[in-house]
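The values are calculated or read from the model by the stated rules, or taken from the named source; none is laboratory data. Keep in mind it's a predicted model, so treat the numbers as computed, not measured. Virtual Cβ from ideal backbone geometry, glycine too; neighbours counted across all protein chains shown.
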Amino acid sequence: MVRFSGLTALGSNAPVFTRFTSLIAAVLISALWQQPSVAATDSVLATTPMTSQQPFSPSLRTPAENQLFWGDLHLHTNLSTDAYINGSRSIGQEEAYRFAMGETVTSDIGIEAKLNRPLDFLAVTDHGENLGLYARIEAGDPLVVGQPVGDRYAEVLDLFGKVGLRNAFMQVIGKHGPMPDMPTSVLRSIWSDVTQIADRYNQPGQFTTLIGYEWTSMINGDNLHRVVLFRDDADLTSQVLPIDANENPDPESLWAGLAHYEEATGGQVLAIPHNGNLSNGRMFSPQRVNGDPIDRRYAENRMRWEPVYEVTQMKGDGESHPTLSPTDEFANFETWDTTNVAFSTPKEPWMLRYEYARSALKDGLEYDRTLGANPFKMGLVGGTDTHTGLATTREDNYFGKFKGSNPSAERLKAKMGGQFQSNLDLGASGLTGVWARENSREAIFDALRRREVYATSGSRIRLRFFGGWNFQPEDVTRADYARYGYRSGVPMGSNLPARENANAPSFMIHAVRDPDAANLDRVQVIKGWLDDKGQSHEKVYNVALSDGRTADRKGRVQPLKSTVDVAKATYSNSTGDPELISWWQDPEFDPLQPAFYYVRVLEIPTPRWTTYDAAYFDTELPESVPVEIQDRAYSSPIWYQP
């Protein structure tokens, strides 16, 4: 295949280390349906083989079933200061939408790019701080050119190529003092344009644009960024300006601003925290920014305004860490664990607990018990945080996350922005799957609010997950299993209603491979719970295994033999299954213990983008990076509360 033209990708998430910067993208396929392939399951873990005389016949969809839509909730264009400084100049908001819709655009390095399969929705989320300032400088806007704000930022741009981004800002600040604020009149004009362009490209039923921006809070270089997304059109969203994290970096001040928006306009808005692995322990800290411990009011506000969490993107994966989950053989995935987002402070071991989704979900159970509210009751989503305007996530046609990581024979040797983290560490992640009644702003926003969403590291794995008290093994093989799941249970992101004298809850899980990607290795359920003493625990259950494998008495599974040919950068779908189905019942359920359950689906091993690069450009593959990867999906949890 010809790489870098006719893209098939999606993913990124870029660091930001001062009030102005944020250092630093997939689409996939045509719809193919695989024939059912039911995996053997592990009886030790109380799974049941899927056997049924009922044929798989198509059933009419009802509105209650919801449909699956794919999109990117985190993307930057040339309106973001850090993207512009790092060379992303030609891809603006309109080009980003057209690319996501499946049109051909010309990238910043002059290569034409087009997704193999369009997205269903896109949120362009440029940094709210100094939004579009460089674009106005370039256009010669007299409100900024010749003014202190324009002169100072132009000086930073001039120094950037000589001393790097961070040093450029430090030199300008040392010479002139704090960076000046952007004129409100300019910001108002740019934000009005942003909202109106989003409205113009919004096509309900075909392609949805979600109006939003990034709130770029960073305390001592620690990442507390949030993406802010609106349910509303330009007539409401243009009535307020993006909230500036420079004025107050405390997320509680952001929530107050979101509440003000809803009160003033009657609209709706939410925030999505970035992956916490570069927050140096701040993202899920037991302390608020003001130093006080988390209390019930904080917990209720965080749960209200931040219903979902970005668990995977360009800067590593945020599900768990080997130190936190030592018995989980798949916890060490695209791990970034050495520093904060400013690359300024080394990470200490104690910080890890407060940076990853699984440990936060466990801590949330403890807060719910002690405070009566769970600040970390969050669904899981993925995003690209690309700073090129191109939403791409594919390993086999990796297009980079900022201009300096765009296709090049030299990018395996380069660093992000020419100065910090190596390009080798960048991941191709990630995507969000949304189960909604229709492809519209309202429906997608509502699905995020109720957490009926899930994350993938780039592939479009189709995943459904229902929990209930009365599901039977044969139910998951019904032609109308989804309709039955909604009627008799709850989908991902929900609470299991408590029942007196109930048996253990049971779950229906259905995973189908991306038709343009790898077969599936396995389906796992991750459970977290509190014991009678209030101590948290976690366990990984293999509930559906490909190729007829079963687990031994200790739950161990023989890994599939990798088909990856490193030298040729190829793999084969001769192993794994295209579809995995499972009915699973918790074998260790205690009705007095609060718990959560979420699903992780793993693909078979495939070459990592760096392996594809080494083969394509005929360069040596560095030993420091893995040669293969197992892309995956993470469902939002289902919670049980006694």
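Worth a mention:
- Of all residues in segment 450-500, those satisfying the criterion of being surrounded by fewer than 18 Cβ atoms within 10 Å (Cβ to Cβ) and either touching a Pro at 6+ places or on another chain (Cβ under 6 Å) or under 19 Å from Trp529 (Cα atoms) (or both) are Trp469, Asn495, Pro497, Ala498, Arg499, Glu500.
- Criterion violated by Ile509 - all others in (1) buried (at least 20 other Cβ atoms within 10 Å of the Cβ); (2) more than 25 Å from the chain's Cα centre (by Cα); (3) of a type in the set (Val, Ile, Thr) satisfied: (2)
- Taken over segment 292-320, the criterion of being buried (at least 24 other Cβ atoms within 10 Å of the Cβ) and under 17 Å from the mean Cα position of the chain (by Cα) is satisfied by Val308, Tyr309, Glu310, Val311, Thr312, Gln313, Met314, Lys315, Asp317, Gly318, Glu319, Ser320.
- Every residue from segment 194-253 that is hydroxyl-bearing (Ser, Thr, Tyr) and under 20 Å from Gly71 (Cβ atoms): Thr195, Tyr201, Thr208, Thr209, Tyr213, Thr237
- Restricting Pro183, Pro178 to residues that are over 22 Å from Asn86 (Cα atoms), surrounded by fewer than 24 Cβ atoms within 10 Å (Cβ to Cβ) and out of contact with any Cys (no Cβ under 6 Å at 6 or more places or on another chain) narrows the list to Pro183.
- Enumeration of residues in segment 144-159 that are of a type in the set (Val, Ile, Thr) and part of a helix (DSSP H, G or I): Val149, Val156
- Scanning segment 360-398 for residues that are crowded, with 24+ Cβ neighbours inside 10 Å, of a type outside the set (A, V, I, L, M) and outside any loop (DSSP other than H, G, I, E, B) turns up Gly364, Gly379, Gly382, Thr386.
- Residue in segment 76-91 that is at pLDDT 90 or above, buried (at least 18 other Cβ atoms within 10 Å of the Cβ), within 21 Å of Ser440 (Cα to Cα) and within 23 Å of the chain's Cα centre (by Cα) present: no
- Of everything listed in (1) in a loop (DSSP other than H, G, I, E, B); (2) under 30 Å from Leu496 (Cα atoms), the single unmet condition for Val599 is (1).
So that you can scan it fast, the table gives a plain yes or no per residue for (1) closer than 29 Å to Leu621 by Cβ; (2) in a strand (DSSP E or B):
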residue	(1), (2)
Arg556	no, no
Lys568	yes, no
Ile581	no, yes
Leu592	no, no
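- From Thr209, Thr216, residue being within 22 Å of Glu94 (Cα to Cα), crowded, with 17+ Cβ neighbours inside 10 Å and not charged (D, E, K, R): Thr209
- Of Met170, Met179, all but one fail to be farther than 30 Å from Gly382 by Cα, touching a helix residue (DSSP H, G or I) at 6+ places or on another chain (Cβ under 6 Å) and modelled with pLDDT under 90; the exception is Met179.
- Looking only at residues of segment 454-475 that are farther than 27 Å from Phe121 by Cα and at pLDDT 95 or above, we find that the one that is nearest to the chain's Cα centre (by Cα) is Gly467.
- Number of residues in segment 346-359 that are loosely packed, with under 14 Cβ neighbours inside 10 Å and either modelled with pLDDT under 95 or not in a helix (DSSP H, G or I) (or both) equals 2.
- Residue match in segment 346-357 (condition: in contact with a Pro (Cβ under 9 Å, 6 or more places away or on another chain) and small (Gly, Ala, Ser)): no
- Segment 448-465: number of residues that are among the polar types (S, T, N, Q) and farther than 14 Å from Phe69 by Cβ: 2
Quick grid of which residues meet (1) in a helix (DSSP H, G or I); (2) at positive phi:
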{"position": "Gly404", "(1), (2)": "yes, no"}
{"position": "Ser429", "(1), (2)": "no, no"}
{"position": "Asn439", "(1), (2)": "no, no"}
{"position": "Ala482", "(1), (2)": "yes, no"}
{"position": "Gly493", "(1), (2)": "no, yes"}
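- Taking the criterion of being modelled with pLDDT of 90 or more and of a type in the set (A, V, I, L, M, F, W, C), the only residue of segment 397-423 that qualifies is Phe399.
- Subset of segment 164-211 (residues that are aromatic (Phe, Trp, Tyr) and in contact with an Asp or Glu (Cβ under 9 Å, 6 or more places away or on another chain)): Tyr201, Phe207
- Hits in segment 459-481 (condition: among the small types (Gly, Ala, Ser) and touching a strand residue (DSSP E or B) at 6+ places or on another chain (Cβ under 6 Å)): Gly467
- Residue match in segment 379-395 (condition: of a type in the set (A, V, I, L, M, F, W, C) and over 16 Å from the mean Cα position of the chain (by Cα)): no
- Put simply, of Leu119, Leu165 the only residue that is under 24 Å from Tyr213 (Cβ atoms), within 25 Å of the chain's Cα centre (by Cα) and surrounded by 17 or more Cβ atoms within 10 Å (Cβ to Cβ) is Leu119.
- For segment 267-280, the candidate set comprises residues that are of a type in the set (Gly, Ala, Ser) and crowded, with 20+ Cβ neighbours inside 10 Å; within that set, the residue that is farthest from Ala342 (Cα to Cα) is Ala271.
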